[in-house]
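In what follows, a structure is listed as structure tokens, so that the remarks can point back to it.
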Amino acid sequence: MAISIRSMRYFVTALSYGNISRAAGDLNVAASAVASAIDQIETHFQLKLVNRHRSRGIATTASGKVLERKFAKFLEEYDALLIEGSKLKEALRGELRIGYYAPVAPAFLPEIIDTLMGPASQITFFLEECDNDSAQEGLLAGDFDAILFVSDAARPQLDFDVLVEAPAYCLVPAEHRLASKSSVRLSDLAQEPIIVLNRPIAVDYYRRLFDEAGQSPLTVAHTSSHEMVRSLVGAGHGCAVLNMMPSTDVSYAGDRLKALPIADGLPPLHLAVGYDKSNPRRIVSHFAQRCQSYFSDNRDAHIVAA
């Protein structure tokens, strides 16, 4: 039978006073509880740890002195750990590990964490791009403190707040024949070569959109990189259907792009911040609040609405 922290504390307090009644008064418990704790520890180790004297209280045996020192050191470290844990929960310091499945996260994540990265910041950030499943698995496993992910495929045990609803849009080269339109339909893309963002969630989502519209466009390239999709489109190799956009209409290669809303009334995807909402560290709560505030103030900054 394991020895409880409480029993250790009763034992050490009783030996420090040399009197069970005085220890019980300090601990605000019954004397029988202190005596019982001593009995339990002696039984556990099968050692005589104290000598009881009816008129003079208790005296520690040699074995009792050894255990008293070890218990006292353990309790001191235990109490220090509780204090450090409380400070960690309340402090804006330490490490913040964020996993993200958000292809355009570089367009908004720096601004979201801006208030946490001042000159006097005591926070070290670890930002990891991953797929939607890995982000969720990482949060549940404790590898991430918070994640940005597509909540349309959220695990049921995950806590999250939806940040923005992102409808699908069409990306074309700036000189493309469709670029002059105010919006397009999926049928407009039926004869166009398509560049596919080949990422979990995304590839199935885009395939479903075309299937439900009865369209079978020609796919000329698959790539797992959002920026590679943009560069291939900018170079004139095809069009693409995406959900969120960066703040620039220029690709890495310097080609200009045009984002067009799709007028078919397609189902959107939802970007969310996931974190443990039951008992979060202060820094995690602050990050989640900053995410919500950013998208509340910039709701249309990264979406193309019809």
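The values are calculated or read from the model by the stated rules, or taken from the named source; none is laboratory data. Since the model is a prediction, treat every value here as computed from it, not as a measurement. We place every Cβ from the backbone using ideal geometry, glycine too, and count neighbours over all the protein chains shown.
Answer yes if at least one residue in the range 200-214 is under 30 Å from residue 95 (Cα atoms), surrounded by 15 or more Cβ atoms within 10 Å (Cβ to Cβ), at pLDDT below 95 and in contact with an Asp or Glu (Cβ under 6 Å, 6 or more places away or on another chain), and no otherwise.
Taking the range 200-214 and keeping what is under 30 Å from residue 95 (Cα atoms), we get 200-201.
Narrowing the set further to residues that are surrounded by 15 or more Cβ atoms within 10 Å (Cβ to Cβ) leaves 200-201.
Remaining after also requiring at pLDDT below 95: 200-201.
From the residues that got through so far, the ones that are in contact with an Asp or Glu (Cβ under 6 Å, 6 or more places away or on another chain) too are 200.
Looking for residues that are under 30 Å from residue 95 (Cα atoms), surrounded by 15 or more Cβ atoms within 10 Å (Cβ to Cβ), at pLDDT below 95 and in contact with an Asp or Glu (Cβ under 6 Å, 6 or more places away or on another chain), one finds at least one in the range 200-214, hence yes.
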Meets criteria (touching a Cys at 6+ places or on another chain (Cβ under 9 Å), buried (at least 16 other Cβ atoms within 10 Å of the Cβ), modelled with pLDDT of 95 or more and of a type outside the set (D, E, K, R)) for residue 304:
no
Those residues that are touching a strand residue (DSSP E or B) at 6+ places or on another chain (Cβ under 7 Å), closer than 13 Å to residue 65 by Cα and either assigned to a helix (DSSP H, G or I) or at pLDDT below 90 (or both), I need them from the range 1-24; list them, please.
14, 15
Confirm whether residue 149 is over 26 Å from residue 231 (Cβ atoms), within 31 Å of the chain's Cα centre (by Cα), assigned to a strand (DSSP E or B) and not assigned by TED's automatic domain parsing to the domain that holds residue 256.
no
Give me the pairs: first residue in the range 94-118 and polar (S, T, N, Q), second residue surrounded by 15 or more Cβ atoms within 10 Å (Cβ to Cβ) and not in a strand (DSSP E or B), beta-carbon distance under 7 Å, and six or more apart or on different chains, which are they?
115/290
Elements of type strands (runs of 3 or more DSSP E) contained in the range 55-136, each with 1 or more residues being farther than 30 Å from residue 45 by Cα, in contact with a helix residue (DSSP H, G or I) (Cβ under 9 Å, 6 or more places away or on another chain) and at pLDDT below 90:
93-100, 122-129
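Does residue 160 meet the test of being touching a residue at least 60 places away in the same chain (Cβ under 8 Å), in contact with a helix residue (DSSP H, G or I) (Cβ under 8 Å, 6 or more places away or on another chain) and of a type in the set (Phe, Trp, Tyr)?
Working: touching a residue at least 60 places away in the same chain (Cβ under 8 Å): yes; in contact with a helix residue (DSSP H, G or I) (Cβ under 8 Å, 6 or more places away or on another chain): yes; of a type in the set (Phe, Trp, Tyr): yes.
Considered against the rule, which asks whether it is touching a residue at least 60 places away in the same chain (Cβ under 8 Å), in contact with a helix residue (DSSP H, G or I) (Cβ under 8 Å, 6 or more places away or on another chain) and of a type in the set (Phe, Trp, Tyr), residue 160 comes out as yes.
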